[in-house]
1. Between beta-carbons, use under 15 Å as the cut-off and find the net charge around Gln3, counting Lys and Arg +1, Asp and Glu -1.
2. Could you work out what % of the accessible surface of the chain is carbon and sulfur, using a 1.4 angstrom probe and leaving DNA, RNA and ligands out of the count?
3. Quick one: compute the contact order of segment 1-123, relative version, from alpha carbon pairs under 8 angstrom and 6+ residues apart, as a percent.
4. Over segment 1-111, give the accessible area per residue in Å² for a 1.4 Å probe, as an integer.
5. So what's the net charge close to Arg45: Lys and Arg +1, Asp and Glu -1, counting the other residues with Cβ under 14 Å from its Cβ?
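The values are calculated or read from the model by the stated rules, or taken from the named source; none is laboratory data. Because the structure is a prediction, the values reported are computed rather than measured. Neighbour counts run over all protein chains shown; Cβ positions are idealised from the backbone, glycine included. With ligands, DNA and RNA removed, areas are computed over all heavy atoms of the protein, side chains included. Shrake-Rupley method; radii C 1.70, N 1.55, O 1.52, S 1.80 Å.
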Amino acid sequence: QVQLVESGGGLVQAGGSLTLSCAASGRTSSNVHMGWFRQAPGKERRFVAGITWSGSNIDYADSVKGRFTISRDDHANTSYLRMNSLKPEDTAVYYCAALRSWFDRWNAREYESWGQGTQVTVSS
């Protein structure tokens, strides 16, 4: 199973930027698709972005398109979520997760491994 550890969260003013990192380790960590989700207090965990193991396919939630960029560096076993033009509504705990089937990328229940989450707070 793949183990995941997120980092890079913090407090930022609206309009600012943050880059989240997700370090992967464990068996076959280089051939899994990666997803980022977020969960605000009292709300369900929602898909933010995903990238295939090869990096050839990328998908974003409409709410972050044009502002967030997902990428991965398999040499470093790390995926990234660059977040620009942050808004207060982006405030949430952000999680990275490993996925076997790209078809299921929007469904949190289909992910096999999750990180512990990192808090992102955007002040107005």
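1. With Lys, Arg at +1 and Asp, Glu at -1, the neighbours total -1.
2. For the chain, the apolar C and S fraction of the accessible surface comes to 47 percent.
3. After rounding, I find 36 percent.
4. That works out to 52 Å² for each residue.
5. +2
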